[in-house]
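Participant: Dropping a structure here in structure tokens format, bear with me for questions.
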There are 2 protein chains.
Amino acid sequence: MISKRLSELRKKKKWPLQYIADQLNIAKSTYAGYESGYRQPSLEAVKELAQLFETSTDYLLGAADSPEKPDFHTIELTETAMLAHICFTIDGKPLTADDLNQMIAFIRVKREMDSTQTHHQ
Amino acid sequence: MISKRLSELRKKKKWPLQYIADQLNIAKSTYAGYESGYRQPSLEAVKELAQLFETSTDYLLGAADSPEKPDFHTIELTETAMLAHICFTIDGKPLTADDLNQMIAFIRVKREMDSTQTHHQ
DNA sequence: TAAGTTGTTCGCGAATCGCGAATATACGAT
DNA sequence: ATCGTATATTCGCGATTCGCGAACAACTTA
């Protein structure tokens, strides 16, 4: 499992084996063993690899399906794919899809008004 | 690191060693070794332990500080503490605090109208 | 061709694992 | 107090796995 994840991520980053080996202070052959499945990285190495690849250990170990860190630093409210997994609430009551659409329209109008009518600056 | 996390979580759940050992199909002494730091669990065991404790491997390995699974199923928009770590965008442009407050007010008004004026059903 | 980079595999010594056994501790029930 | 049971901790053993360098293949570039 982890071997697949590692080779997939490294190819995406287009890094050579040696680069990762240097970052973790291990031999090239050692890391190569991780990708080939010949060896398993130590827990500490897994942690460092997740950090290096900017993903989670859950993804590396196959406990998560998405490589994205669940930081949710930014949530694009018009991205319905993402919203399918999130439930927004106000005062504890969930927003309907309709609520959300109206909110989006509301903000768009607000922005429109700000940009065409008033020009603070 | 992981030993601390394991014993902390197990104590919180008030589970005996044997119970966990049974769940993972390993010897009691094997799991005891994990908690004492005498041994390290395999990657597969880490994955299963995270599942058993309903937490993330990131937390077990010390790559995350919170034991909570990052599911974020629900986001309460009036909870400013949570919102401090999230940036919402519409059409790629981030919402200001003002935008958010108006959106919340907007929804509250909408709900008010729905409940006092119109009664479908 | 020669030199360099990258990826793969192998064997060796060393380190670690998983297990059962032995021991220690806690706590009711008799 | 004395069992009996459940729980926790540590140890040694055999087996497994690790990390490393070495060796090699494939490929690019000079």
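Participant: Rounded to the nearest 0.05, what FRET efficiency do A:S42 and B:Y19 have when you use their Cβ-Cβ distance and R0 = 25 Å?
Facilitator: It comes out at approximately 0.40.
Participant: In nanometres, what is the gap between the two model label sites at A:I104 and B:K93, each 7 Å from Cα along Cα-to-Cβ?
Facilitator: Between A:I104 and B:K93, the simple spin-label model gives 1.6 nm.
Participant: Here is a follow-up. Rounding to the nearest 20 debye, state how big the charge dipole of segment B:2-61 is about its Cα centre with +1 on each Lys and Arg Cβ and -1 on each Asp and Glu Cβ.
Facilitator: 280 debye
Participant: Please compute the contact order of segment B:2-61 in relative form: average sequence separation of alpha-carbon pairs under 8 Å and at least six residues apart, divided by the residue count, as a percent.
Facilitator: 37 percent
Participant: Something else about it: Set the Förster radius R0 to 22 Å, insert the Cβ-Cβ distance between A:M1 and B:A32 as r into 1/(1 + (r/R0)^6), and round the FRET efficiency to 0.05.
Facilitator: The formula returns an efficiency of 0.25 here.
Participant: Now a separate question. Once every DSSP H run of n ≥ 4 in chain B is given -39500 (n - 2.57) and the sum is divided by its residues, what mean residue ellipticity at 222 nm do you get, rounded to the nearest 500 deg cm²/dmol?
Facilitator: Taking each H run of at least 4 residues, the total per residue is -16500 deg cm²/dmol.
Participant: Moving on to the next point. Just to be sure I understand the curve: with the Debye formula and one point per C-alpha of chain B, what is log10 I(q)/I(0) at q = 0.18, 0.19, 0.22 Å⁻¹?
Facilitator: -0.91, -0.98, -1.21
Participant: Would segment B:2-61 count as rounded, prolate or oblate if I go by the C-alpha gyration tensor, calling it rounded below 1.5 in a/c and otherwise prolate when a/b exceeds b/c, oblate otherwise?
Facilitator: Rounded shape, in that the Cα axes give a/c under 1.5.
Participant: Anything over 32 Å Cα to Cα? Flag those among A:K12/B:K47; A:K13/B:K93; A:K13/B:K47; A:K11/B:K11; A:K14/A:K47; A:K14/A:K110, in the order listed.
Facilitator: Table pairs above 32 Å Cα-Cα are A:K11/B:K11; A:K14/A:K110.
Participant: Among A:P67, A:L49, A:A21, which residue has its Cα positioned farthest towards the positive end of the charge dipole of chain A, with +1 placed on the Cβ of Lys and Arg, -1 on the Cβ of Asp and Glu, and the dipole taken about the Cα centre?
Facilitator: Among A:P67, A:L49, A:A21, the one farthest towards the positive end of the dipole of chain A is A:A21.
Participant: Also: Taking amide H atoms as placed 1.01 Å from N in the peptide plane, list the residues 5 or more away in sequence, or in a different chain, whose amide H sits under 5 Å from that of A:I75.
Facilitator: Those qualifying (amide H under 5 Å, at least 5 residues apart or on another chain) are B:C87, B:F88, B:T89.
Participant: Work out from phi, with θ = phi - 60° and the Karplus expression 6.51 cos²θ - 1.76 cosθ + 1.60, the ³J(HN,Hα) of each residue of segment A:21-37, listed in order in whole Hz, and give x for Gly and Pro.
Facilitator: 4, 5, 4, 8, 6, 10, 6, 4, 5, 5, 5, 4, x, 5, 6, 7, x
Participant: Hey, if we sort A:T116, A:T89, A:T30, B:T80 by accessible area with the 1.4 Å probe, largest down, what's the order?
Facilitator: B:T80, A:T116, A:T30, A:T89
Participant: In segment A:2-61, what percent of the accessible surface is made up of carbon and sulfur (1.4 Å probe, ligands and nucleic acids excluded)?
Facilitator: Carbon and sulfur atoms account for 46 percent of the accessible area of segment A:2-61.
Participant: While we're on this one: Just in segment B:18-99: which chymotrypsin sites (Phe, Trp or Tyr not before Pro) are loop by DSSP and have at most 14 other Cβ atoms within 10 Å?
Facilitator: Counting only loop positions with at most 14 other Cβ atoms within 10 Å, the chymotrypsin sites (Phe, Trp or Tyr not before Pro) in segment B:18-99 are B:Y38.
Participant: For B:A64, which sequence-distant residues (separation of 5 or more, or a different chain) have an amide H within less than 5 Å of its own amide H, given hydrogens modelled in the peptide plane?
Facilitator: Long-range HN contacts for B:A64: B:Y59.
Participant: In the protein assembly as shown, with Lys and Arg counted as +1 and Asp and Glu as -1 at Cβ, which of these residues, B:S36, B:T89, B:S7, has the Cα nearest the positive end of the dipole, that is, farthest along it?
Facilitator: Farthest along the dipole direction, towards plus: B:S36.
Participant: Counting DSSP beta bridges in the protein assembly as shown, what percent are antiparallel, to the nearest 5?
Facilitator: Rounded to the nearest five, the antiparallel share is 40 percent.
Participant: In debye to the nearest 20, how big a dipole does chain A give about its Cα centre with +1 on each Lys and Arg Cβ and -1 on each Asp and Glu Cβ?
Facilitator: 600 debye
Participant: Evaluate the distance, in nm, between pseudo-label points positioned 7 Å from the Cα of A:D114 and of A:T78 along their respective Cα→Cβ axes.
Facilitator: Those two pseudo-labels are separated by 1.5 nm.
Participant: Taking a probe of 1.4 angstrom, what is the accessible area of B:R108 in Å², to the nearest 10?
Facilitator: 110 Å²
Participant: With charges only on Cβ, +1 for K and R and -1 for D and E, what is the dipole size of the protein assembly as shown about its Cα centre, in debye, rounded to 20?
Facilitator: 1000 debye
Participant: Across chain B, where is the longest run that never hits GluC sites (Glu not before Pro) in a DSSP loop with at most 16 other C-beta atoms within 10 Å?
Facilitator: B:1-53
The values are calculated or read from the model by the stated rules, or taken from the named source; none is laboratory data. Every value quoted in this text rests on a predicted model; they were computed, and no experiment measured them. Ideal geometry is used to build each Cβ from the backbone, glycine not excepted, and the neighbour counts take in all protein chains shown. With ligands, DNA and RNA removed, areas are computed over all heavy atoms of the protein, side chains included. Shrake-Rupley method; radii C 1.70, N 1.55, O 1.52, S 1.80 Å.
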